[in-house]
Amino acid sequence: MSSFCLPGEIAIRVFRACTELGIRTVAVYSEQDTGQMHRQKADEAYLIGKGLPPVAAYLHIPDIIKVAKDNNVDAIHPGYGFLSERADFAQACADAGVMFVGPTPETVRKMGDKVEARALAISAGVPVVPGTDSPISSLQEAHAFAQTYGFPIIFKAAYGGGGRGMRVVKEYEELEENYQRAYSEALTAFGNGALFVEKFIEKPRHIEVQILGDKYGNVIHLYERDCSIQRRHQKVVEIAPAFQLDPHLRDRLHTDAVNLAKQVGYENAGTVEFLVDKHGKHYFIEVNSRLQVEHTVTEEITDVDLVHAQLHVCEGRSLPELSLKQNKIRVNGCAIQCRVTTEDPARGFQPDTGRIEVFRSGEGMGIRLDSASAFQGAVISPHYDSLLVKVIASGKDLPTAASKMSRALAEFRVRGVKVGQLCLMPLPQDKSVQKGSGFYFWGGCVTIISRCKWLLADSKSQCLQPENMEVMKSV
């Protein structure tokens, strides 16, 4: 069997899993990415999108399918971003006789359409946030919704996620500007500017449930992740399992996630995302029909290799055959992921580019690093996401994992580009931490913001006040 994946650190993650399973790996790369690490890690690599800009190259489905057919590729792993949630790409793979490592094209289509996904959730008995039943086509429709439900409201891209095309509107004067910006962002990111509107839940927790399904109707969950710490709707820190989550609420989240997945006949890995308000009520927001950036923390606490599972399910093996039964999935300890990005906190977290002159990472027991461009001599491109390396810390409990994370991040040294690094500073011996106070906002929402600092590469360390970090509490 042979498989290839679209670029980035997720490509390297997939290639490693394939190698462990004895699967030949194939990379594709744009003209601008000849020196990227994912190309070096694959057994074979082929140019796509000749003459196209780098992002456009990875969105050029005919070239990707041609490489797959010309080189006898059995399966394509879409990674995340780019074409990972495009139903037309999943269908193109099927039409070419190439396995798509993910849900069926129809499921990708249903889950990618946020309005249809919402309707499916309602039919499955899963609570949803009040919102429009279909994409809106005018500013007047947004105004009418706001008059009915009141402010604040939020615009969301109807055909994509990841924080793109999302704008919160707190008062009428902001409505037109945010509508236009959300439309423009959605059009640029997903090729479709369609938006829908929801009532904005203020200061929620963002809890997501990892699911896994096979071709025979079996669906399990692998517990949940707390992704409440965000900046500009982008996740910054992810924690598994969710800290101080009411056991009954946890059970409801798991049950609703599995029921929704069964409702659509979900295959392969996916994530069902929820908001939890300050009263402990949960609301479905979306399904990501792909592997998530933060899948790592779930792997660390369950000891389930999600990419292995994806590949086996794609081959037609059942979850019971893989010994993946719900009563056998257990949580062991806690894991935290921090995203180290090439952003300059001193300039409002603007992405920074250039060549990495010095790179020294934090390592040691309980630390996992997933990266693609984190090495001396790497060129940080302006064309892609600013993620440099994912740092995952695991331990017997949250204070232990946070202590390991703090130590590992403090060891990082990067020169040549500015790097924003969250340093978690919880003290396990601190009684307030043990009790939870000062370590979370209401309801146990882990924040750690009051105990963090930003390190600036190429300059002296400096501390920024929490209010300057612009941490968003919703997707």
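The values are calculated or read from the model by the stated rules, or taken from the named source; none is laboratory data. Model, not experiment: these values are computed from the prediction. Cβ placement follows ideal geometry from the backbone for every residue including glycine, while neighbour counts extend to all protein chains displayed. Heavy atoms of the whole protein, side chains included, go into the accessibility calculation; ligands, DNA and RNA do not. Shrake-Rupley method; radii C 1.70, N 1.55, O 1.52, S 1.80 Å.
Descriptive notes on the structure:
- Here 178, 192 are screened, and the one residue that is among the polar types (S, T, N, Q) and under 23 Å from the mean Cα position of the chain (by Cα) is 192.
- Note on the range 107-140: among residues that are under 19 Å from residue 151 (Cβ atoms) and without any contact (Cβ under 8 Å) to a residue 40 or more places away in the chain, the one that is least open to solvent (accessible area, probe 1.4 Å) is 138.
- Index of the failed condition, residue 113 passing every other in (1) at pLDDT below 90; (2) over 23 Å from the mean Cα position of the chain (by Cα); (3) acidic (Asp, Glu): (2)
- Single condition residue 81 does not satisfy, out of (1) more than 21 Å from residue 307 (Cα to Cα); (2) open to solvent by 10 Å² or more (accessible area, probe 1.4 Å): (1)
- The set of residues in the range 163-199 being modelled with pLDDT of 90 or more and assigned to a loop (DSSP other than H, G, I, E, B) consists of 170, 171.
- Of all residues in the range 350-389 being over 19 Å from the mean Cα position of the chain (by Cα) and farther than 17 Å from residue 415 by Cβ, the one that is most open to solvent (accessible area, probe 1.4 Å): 365
- Options 359, 375: the member that is of a type in the set (A, V, I, L, M, F, W, C) and in a loop (DSSP other than H, G, I, E, B): 375
- Exclusive hit being without any contact (Cβ under 8 Å) to a residue 40 or more places away in the chain, open to solvent by less than 10 Å² (accessible area, probe 1.4 Å), over 22 Å from residue 332 (Cβ atoms) and not acidic (Asp, Glu), set 270, 193, 213: 193
- Flag for residue 205 being basic (Lys, Arg), open to solvent by less than 10 Å² (accessible area, probe 1.4 Å) and modelled with pLDDT under 95: yes
- Test: residue in the range 240-250 that is under 18 Å from residue 369 (Cα atoms) and in contact (Cβ under 8 Å) with a residue 40 or more places away in the chain: yes
- Residue in the range 285-301 that is open to solvent by 20 Å² or more (accessible area, probe 1.4 Å) and over 27 Å from residue 98 (Cα atoms) present: yes
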